[in-house]
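Just below is one structure, and these are the notes that go with it.
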Amino acid sequence: MDDTDGTDDTGGGDRQIVRARGHEHVRATHESTFEVTSDDWLTPAGDCIVGVEADRVPSDLEPAFVEACRDADATIAVTLAAGGREQTVTGRGHPDLTFAGDRSMVFRTSDYVDDRTAMVAADAAAADLDRDLVAALAEGAELTVALSVE
């Protein structure tokens, strides 16, 4: 339970929580995406990945949340919190979002959609993230990813 509002810590239909952790290879230099993966490893080539060992993947998200994200007019906000730092990235939904991915969740600045895509037209990519937040993730900080849709 989330002790701030009494709701399940996975979020309600319009809010979802994913917990992950940073990794020594987090660089966050990709210029068009950022990603959270359920994998427990990361190579230096994974320049978009900001968290590993995610406890939820797209296919785990609540059906009501998924449906709300399929509206082209939906605004999706993703708040990344780690090491005492927090940053919110905003984008939009898309009718082709499937949330069928069973391994990783990708947030894109483009309109490209595949089964891992959780947001398009994001106003920031990995390279745009607060460098103190990225440093905390590179030190292995716990990461909370809060997704909301309006």
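The values are calculated or read from the model by the stated rules, or taken from the named source; none is laboratory data. Every value quoted in this text rests on a predicted model; they were computed, and no experiment measured them. Methodologically, a virtual Cβ is constructed for each residue, glycine included, from the backbone with ideal geometry; neighbour enumeration extends over all protein chains shown.
See the values below:
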read-out	value
Number of positions in the range 121-145 that are under 19 Å from Val66 (Cα atoms) and out of contact with any Leu (no Cβ under 8 Å at 6 or more places or on another chain)	2
Boolean, Val26 is within 13 Å of the chain's Cα centre (by Cα) and either within 14 Å of Gly140 (Cα to Cα) or in a loop (DSSP other than H, G, I, E, B) (or both)	no
Search result, residues across the range 43-62 that are more than 18 Å from Gly101 (Cα to Cα) and of a type in the set (A, V, I, L, M, F, W, C)	Ala45
Meets criteria (over 27 Å from Glu139 (Cα atoms), modelled with pLDDT of 95 or more and assigned to a loop (DSSP other than H, G, I, E, B)) for Ala72	yes
Candidates Ala126, Ala74 - the one that is on the phi < 0 side of the Ramachandran plot and either touching a Ser or Thr at 6+ places or on another chain (Cβ under 8 Å) or surrounded by fewer than 17 Cβ atoms within 10 Å (Cβ to Cβ) (or both)	Ala126
Single residue of the range 68-97 satisfying the filter (among the polar types (S, T, N, Q) and touching a residue at least 24 places away in the same chain (Cβ under 8 Å)) that is farthest from Ala126 (Cα to Cα)	Thr75
Selection count where residues are farther than 19 Å from Asp114 by Cβ and either assigned to a loop (DSSP other than H, G, I, E, B) or not small (Gly, Ala, Ser) (or both), scope the range 46-69	5
Criterion (within 15 Å of Thr33 (Cβ to Cβ), free of Cβ contacts under 8 Å to residues at least 40 places away in the same chain and under 15 Å from the mean Cα position of the chain (by Cα)) met by exactly one of Asp111, Asp123, Asp55	Asp123
Residue within the range 35-57 that is of a type in the set (Ser, Thr, Tyr) and crowded, with 19+ Cβ neighbours inside 10 Å present	yes
Selection status of Asp60, surrounded by fewer than 16 Cβ atoms within 10 Å (Cβ to Cβ) and at negative phi	no
